[in-house]
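*Asks:* Below is a structure I'd like to ask you about.
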């Protein structure tokens with residue numbers, strides 16, 4: 001009978017420790033998520049300023065497409081100058097790359113003719129290959145690039161693909177074209 005009591009004590013101890021651990025996790029999860037959201041928002045704002053530097057403020061516009069939960073699939077922002085004039089747009093796009101989803105912000109001129117730049121916000125591309133889409137050398141090719149020239153050089157465009165990572169390079173080009181098409185349909 002004493003063995004049964006010992007087993008019960010161990011079980012109760014494990015349950016109490018598990019409950020305390022779960023409670024601590026729950027208490028820290030929400031504040032941590034809020035901190036992560038704030039950090040993400042700050043990083044996004046910095047990225048938007050970098051790819052559309054002539055804008056002094058950004059007005060968020062919810063896209064018309066929604067996912068199963070009713071969240072906008074595409075968000076874009078109107079970049080406005082200090083007088084409130086639209087100077088361009090920043091579009092959030094998700095595009096399938098070689099190893100998974102590439103999330104980027106694309107800067108587009110107000111007349112939809114020029115890519116002002118882009119920044120990769122998240123990706124799971126191969127380190128040393130597809131992940132090179134995040135380098136200044138690759139991204140710099142797109143700064144003030146006419147949309148008509150936004151294709152890989154092998155397809156007649158002005159963008160050099162990353163050696164060994166053509167799929168990732170093409171995914172960025174596709175995302176940028178999709179961003180231009182989307183925002184011009186919404187705003188044009």
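The values are calculated or read from the model by the stated rules, or taken from the named source; none is laboratory data. In this text, all values refer to a predicted model and were calculated from it rather than measured experimentally. Cβ coordinates were reconstructed from backbone atoms using ideal geometry, including for glycine residues, and neighbour counts include every protein chain displayed.
*Asks:* Need at least 1 residues that are closer than 22 Å to residue 175 by Cα and modelled with pLDDT under 90 per element, so show me which strands (runs of 3 or more DSSP E) inside the range 1-111 make the cut, counting only ones lying wholly within it.
*Replies:* Details: elements: 57-62, 75-80, 86-96, 101-109.
It comes to 57-62, 75-80, 86-96.
*Asks:* Show the residue pairs that are 6+ apart or on different chains and have beta-carbon atoms under 8 Å apart, the first residue being within the range 133-155 and touching a residue at least 24 places away in the same chain (Cβ under 8 Å) and at positive phi, the second being surrounded by 12 or more Cβ atoms within 10 Å (Cβ to Cβ) and not in a helix (DSSP H, G or I).
*Replies:* 144/114; 144/115; 144/116; 144/117
*Asks:* Right, something else. If you check 178, 161, 169, 184, which single one turns out to be surrounded by 19 or more Cβ atoms within 10 Å (Cβ to Cβ), modelled with pLDDT of 90 or more and either touching a helix residue (DSSP H, G or I) at 6+ places or on another chain (Cβ under 7 Å) or part of a helix (DSSP H, G or I) (or both)? Quick ask: steps written out before the conclusion?
*Replies:* Working: 178 fails: surrounded by 19 or more Cβ atoms within 10 Å (Cβ to Cβ); 161 fails: modelled with pLDDT of 90 or more; 184 fails: surrounded by 19 or more Cβ atoms within 10 Å (Cβ to Cβ).
None of the others qualify; the one that does is 169.
*Asks:* If we keep just the residues of the range 112-130 that are surrounded by fewer than 16 Cβ atoms within 10 Å (Cβ to Cβ) and touching a strand residue (DSSP E or B) at 6+ places or on another chain (Cβ under 9 Å), which is modelled with the lowest pLDDT?
*Replies:* 124
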